[in-house]
Structure formats: C-alpha cells, structure tokens
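Report on the structure given below.
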Amino acid sequence: MGKDVIIACDFSSEKELFDFLGHFEGMERKPFLKVGMELFYAAGPQIVRQLKKSGYRVFLDLKLHDIPNTVEKAMRVLAGLGADMCNVHAAGTEKMMAAALRGLNSGSEDEPKRGAKRPLLIAVTQLTSTSGSQLKEELLIERPMEEVVAAYAEHAGRAGLDGVVCSPLEAPAVHQRLGKDFITVTPGVRLEGDAAGDQSRVTTPAMARQLGSDYIVVGRSITGAADPASAYLQCMREFAE
Ligand code: C5P
C-alpha cells in the first residue's frame, strides 16, 4: 500500500478552492484532495468531475449515514462522479455498509461505470473529534475507544468495505485485526506545534507513519499555513517518503 497525504479542502466556494490549488501548480504529482460536505454543498457535484478532469485524485468525504435503501441509491449516484474514494458511517450498521457497496458497484444510471474501477469504500469508525469521555457520557458506549474502533472496523470488513477512517492512534489495532491490506485513512493529524482545534485524537505525520496509517488526511495544518505547499511537502516527507 503506497502511503499518501490527502489534503482536506474544507472551503466554502470554488474560488477559494482554486486559489488554494494555485499553491501546488507545477508540482510533479498533483496532490490527493478531500472534498467534504462544505465544498460539496457549496459547489455541487460538478466540482468532483472538474477536479478529476484536471488530474487530481479525489476522496469524496460525505459520510453517508441513513437507512440502507437510501444509502444504496445515493451511492449509485455518487459512483457516477468518478471519485477515487467514498465513505459512510460504520454506525449505520453492516447492512447499511453492504448496501452502500452494492450502490457503488452498480454505478449511476446516467453514467454506467461498465468496466471502470469502483471507488474505494471506507467507513468512519468514530470521529477523530470524539473523545473517550464523550464516547461514554454522550454516546453511551462503555467500551474503550480503541476497542470500539477495531470492532466497527471488523463490521466494515465483513460488509466487504476496503478500510476505515480512524485516528492514527487506532491504526495498529485495526491492522492487527483486519490485516495490513485493510486501509486506514487517518485524520486528526497536525504538524508539530499547530493547534489541535476541535480534534481530540491527534498525532504528527511522522507518528502516523510509525503507527502504520495508510493515508493521512490533513486540513488546517496545510490550508491554514502561511505557505501551504511547503506544509504539504513537509507532511509528505514525514509520512510518505
Ligand atoms: O483541519 P483538520 O486537519 O482537522 O481536518 C480534518 C478533516 O478530516 C476534516 O475535513 C474532517 O471533516 C475530516 N474527518 C475527521 N475525522 C473523521 C473523518 C473525517 O476529522 N473521523
């Protein structure tokens, strides 16, 4: 599994996105980008097609969580956008995750993906902003975070998914239970000295590498840097090279 850094493009307009991407012009390999709810809701589905057409790899982070029938149909539509990676919440249950995979495999009716490779499908285990005490006191889950994440990852594996979103701190437990080919995509990453903000389970890119994450998702440490390109290259050096 080639390690890579995914930049969380949490912007509220297309203009902000393309101004930001200007920092990466001329790079030999275009960065892997994450389009989340903010940008998707602001710019619409075409933003994914546009980024793909421009040669970027795209993780479409919409975290679907609904009844299986609704998720299956939504995934069918999303399959037509050409993203490289999509996700759902594991809390939606194994049945919902299996439905998502069916939807993704059948592709959109407008643009059948005949012969095309489907996007990777991963499941969010527990948000990296959720702390151990919130897990217990608000979500009423008594087990320790690492155990919950590893159990949710098992459900995702049984549903046929390719991997999970978790904190780098939980990547070893996930790989131990599901093997090294089961992908761990890990947000909650900060360059040394940067503020954690609302994230609660945080590591540096170097630590994420040591813990065995396959992809790190980095937002504010890159998007909020004075020089985003050099912050990105530092993440790549620490994590992927
Ligand atoms: O700015 P920051 O590096 O905290 O951004 C992390 C990104 O990863 C955000 O876009 C957030 O939505 C996403 N994410 C997360 N935790 C998860 C799943 C996704 O932080 N479990």
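Only the coordinates and a few stated rules stand behind these numbers; no lab work does. These figures come from a predicted structure and were not determined experimentally. Neighbour counts run over all protein chains shown; Cβ positions are idealised from the backbone, glycine included.
Computed extension gain for residue 142 through residue 37, at 0.36 nm per residue and net of the alpha carbon distance, reaches 34.8 nm.
As a calculated quantity, the FRET efficiency between residue 77 and residue 54 at R0 = 30 Å, using C-beta atoms, amounts to about 0.85. For region 134-241, the extents of the C-alpha atoms along the principal axes are 41, 33, 20 Å, listed from largest to smallest.
The stretch between residue 133 and residue 102, if pulled fully straight at 0.36 nm per residue, gains 7.6 nm over its current Cα-Cα span. Remark: for residue pairs 30/73; 3/180; 136/180, the C-alpha separation exceeds 21 Å in 30/73; 136/180.
Extending 7 Å from the Cα toward the beta-carbon at both residue 20 and residue 229 defines two label points whose distance is 1.7 nm. If you take the alpha carbon atoms of region 4-239 and fit the smallest convex hull around them, that volume is 125 Å³ per residue.
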